[in-house]
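Reading through the structure tokens given below for one structure.
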Amino acid sequence: MKRTVGIYGGFFNPFHLGHLHVIQSSLEHLQLQKLITLPTFHNPLKENINSLNPYDQIKHLRSKIALPKVKISDFEFRHQTKCTAEVLKKIQSRCSLNQFYLIVGLDQLGQFHRWSEYQWIIQNISICVINRPRYDEYIENTPIHKEFPHLFMSDLTKFINHSTPCLHILNLLGVDLSSSELRNS
């Protein structure tokens, strides 16, 4: 089954050009029919502070992302999910994860082993990691790369055509922005 849908989550607080770069790059290079952007309800690895209430955040994101293939979803808020594995299991209860990519930034690869049920995530969905400047050292030195080297595919075409599970690092020029840095400046 060909994957046609991307799932891209995060706090997006604030939404910036780096996020837009991930969205546009994913749509183009993964040949997606749809990209679901999931503002995060709860992140167990971060302080869960958001300046907007959930529905104002979604409204704000919709105003910033005017791309026909992108859907901003309130799924995490409606289901009050606590982690990515929980989100994916709820999706999986309705349809196969084989049609989805999980899209994350390269910064997340370095801490992916800290995600709740990370091994289950890796075994059940194909993951596309989008390059971010300053995080290149994460690739070969990450616990994920060491634990699952056989799942990393260097060729994009092979990754797109390979069955789940697999991982690929989309090595494009990234945008050197961070929501944390923007909030702190």
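Reported to the nearest whole Å, the Cα centre-to-centre distance from region 83-99 to region 105-160 is 18. Multiplying the residue separation of ASN171 and TYR55 by 0.36 nm and removing their Cα-Cα distance gives an extension gain of 38.4 nm. State whether region 5-184 is rounded, prolate or oblate according to the following rule on the C-alpha gyration tensor (a ≥ b ≥ c being the square roots of its eigenvalues): a/c under 1.5 gives rounded; otherwise a/b larger than b/c gives prolate, and the remaining case gives oblate. Rounded. Dipole magnitude for region 5-184: computed about the Cα centre from +1 point charges on Lys and Arg Cβ and -1 point charges on Asp and Glu Cβ, it is near 640 debye.
Find the relative contact order for region 5-184 and round it to a whole percent, using C-alpha pairs within less than 8 Å whose residues are 6+ positions apart. Don't skip to the end; give the middle numbers.
On the way: 275 pairs, mean separation 43.9, N = 180.
Averaging sequence separation for qualifying contacts and normalising by length gives 24 percent for region 5-184.
Every number here is computed from the coordinates shown, using simple stated rules; none is lab data. No experiment lies behind these values; they were computed from the predicted model shown. Ideal geometry is used to build each Cβ from the backbone, glycine not excepted, and the neighbour counts take in all protein chains shown.
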